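What follows is one structure encoded as structure tokens, with my remarks underneath.
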Amino acid sequence: MRYINIPASEKSPKVIFEPKKYFFEMEGNSRPENVRDFFYPIIDTLKEHFDALIRKANKNDDEPIFNFNFKLEYFNSASAKFISDILVIVKNCNENNVKIKVNWYFEDGDEDMKEVGEDFSDMITFPFNFIMVKR
């Protein structure tokens, strides 16, 4: 079981994946220099873990809810493509009986970030929990 703990930088978000705690979080700004190099290891790790969880989910109804938290302040269009790839993993899990909850955080007054979350939610046909945070 592989963990992810990537600290935030000026151009890339903090990313934490703790499978034993059923927790994934992406926080900050996402505009890395090489978006593929940043996101592919994350996506590969998530796919590997959730493929195994899907095989197990059909046999175990007692599995806890896996929380995905997105606390993004800004991301560029290249990052949006990879964020959508992560959300497709979420959709696949949901369709295969893995319990998932997506929390989409946005700052009070940042309607654009809320709308992007709503668009992602519509795209994967999975309801997000929208959480407004005060500045």
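When you go through (1) out of contact with any Ser or Thr (no Cβ under 6 Å at 6 or more places or on another chain); (2) surrounded by 14 or more Cβ atoms within 10 Å (Cβ to Cβ); (3) under 19 Å from Glu27 (Cβ atoms); (4) of a type outside the set (S, T, N, Q) one by one for Val98, which number turns out not to apply?
Answer for Val98: the failing condition is (3).
Tell me the residue from Asn69, Asn5, Asn34, Asn76 that is without any contact (Cβ under 8 Å) to a residue 60 or more places away in the chain and surrounded by 16 or more Cβ atoms within 10 Å (Cβ to Cβ), please.
The match here is Asn69.
Look through region 48-67, keep the residues that are part of a helix (DSSP H, G or I) and modelled with pLDDT of 85 or more, and return whichever of them is farthest from Phe106 (Cα to Cα).
Restricting to residues being part of a helix (DSSP H, G or I) and modelled with pLDDT of 85 or more, the top hit is Ala52.
If you take the residues in region 92-114 that are part of a helix (DSSP H, G or I) and in contact with a strand residue (DSSP E or B) (Cβ under 9 Å, 6 or more places away or on another chain), which one is farthest from Leu46 (Cα to Cα)?
Checked region 92-114; the qualifying residue farthest from Leu46 (Cα to Cα) is Asp112.
Go through region 16-47 residue by residue and tally those that are among the acidic types (Asp, Glu) and either modelled with pLDDT under 95 or part of a strand (DSSP E or B) (or both).
Result for region 16-47: 4.
The values are calculated or read from the model by the stated rules, or taken from the named source; none is laboratory data. What you see is a predicted model, and the numbers here were worked out from it, not measured in a lab. A quick note on method: Cβ atoms are made from the backbone with ideal geometry, for glycine too, and the neighbour counts reach across all protein chains shown.
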